[in-house]
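This report concerns only the one structure given below.
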Amino acid sequence: MFEAIPTPMLQRLMIYGPQSRCQIQVALGLPLAEAAGIWSDTQVPALRTRPSEWLLRAGPELDTKRSQGSDALFHLINVTPGLAAWQVSGVNAPTLLAMGGILDFAALAPRAGTRTLMARIPTIVSRLDQYTFELLVDRAYGDYFANWLSAAAKRFA
């Protein structure tokens, strides 16, 4: 029903100043979602999490963009080491996840992603397909979150 998974390679893109999304897309050479809440269906999936912030499913290949003087427009930060990840799947996944927060998980569309509180922990939730969710939390809360997931999952065993 749930399992800890390797944390996907994630970069946090933060824009500072009045630069437009189009300028950043040109500097990075990849499209960025304009609307929040949906992972872009592109070579480098991106999720807009705040007005000037995206999560990019990308590894060190984007580091070369930093060395080209683009730092005046944006900052890329590798957030992978600071996160722990779980995958929750099955017909009861939305119900299990709803036990920890107020979000209507059944209403999230596939490829949707959002920030929410689960078990009182800031969590990034992505719906991968109809019955599969990915959960990302700060690694410092990993043990607590794993214990909460385990206790919640026992109700469906």
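The values are calculated or read from the model by the stated rules, or taken from the named source; none is laboratory data. Quick caveat: nothing in here was measured; it's all calculated off a predicted structure. Don't worry about glycine lacking a Cβ; one is built from the backbone with ideal geometry, like all the others, and counts go over all protein chains shown. The protein model used for the area step is the full one, side chains on, heavy atoms only, and it has no ligands, DNA or RNA in it. Shrake-Rupley method; radii C 1.70, N 1.55, O 1.52, S 1.80 Å.
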All positions within region 112-150 that are out of contact with any Phe, Trp or Tyr (no Cβ under 7 Å at 6 or more places or on another chain), under 17 Å from residue 37 (Cβ atoms), surrounded by 14 or more Cβ atoms within 10 Å (Cβ to Cβ) and among the charged types (D, E, K, R): 115, 134
Any pair with Cβ under 8 angstrom, 6 or more apart, that starts in region 105-120 at a residue that is at positive phi and ends at one that is in a strand (DSSP E or B) and of a type outside the set (A, V, I, L, M, F, W, C): 111/126; 111/127
Residues of region 87-111 classified as in contact with a helix residue (DSSP H, G or I) (Cβ under 6 Å, 6 or more places away or on another chain) and open to solvent by 50 Å² or more (accessible area, probe 1.4 Å), total: 3
The one condition in (1) polar (S, T, N, Q); (2) under 18 Å from residue 4 (Cβ atoms); (3) not in a helix (DSSP H, G or I) that residue 150 fails to fulfil: (3)
Single residue of 96, 135, 128 found to be touching a residue at least 40 places away in the same chain (Cβ under 8 Å) and in a helix (DSSP H, G or I): 96
Qualifying residues in region 1-38 (those that are free of Cβ contacts under 8 Å to residues at least 12 places away in the same chain and among the hydrophobic types (A, V, I, L, M, F, W, C)) - the one farthest from residue 152 (Cα to Cα): 26
Qualifying residue in region 35-49 (condition: surrounded by fewer than 15 Cβ atoms within 10 Å (Cβ to Cβ), part of a strand (DSSP E or B) and at pLDDT 85 or above): no
Which numbered condition residue 75 fails, given (1) in a strand (DSSP E or B); (2) surrounded by 16 or more Cβ atoms within 10 Å (Cβ to Cβ): (2)
Close pairs from region 76-93: first without any contact (Cβ under 8 Å) to a residue 60 or more places away in the chain, partner part of a strand (DSSP E or B), Cβ under 9 Å, at least 6 apart: 82/138
Evaluation of residue 85 against (1) in contact with a strand residue (DSSP E or B) (Cβ under 9 Å, 6 or more places away or on another chain); (2) assigned to a helix (DSSP H, G or I); (3) aliphatic (A, V, I, L, M) (one fails), failing number: (2)
Single residue of 105, 133, 156, 145 found to be under 18 Å from residue 3 (Cβ atoms) and at pLDDT below 90: 156
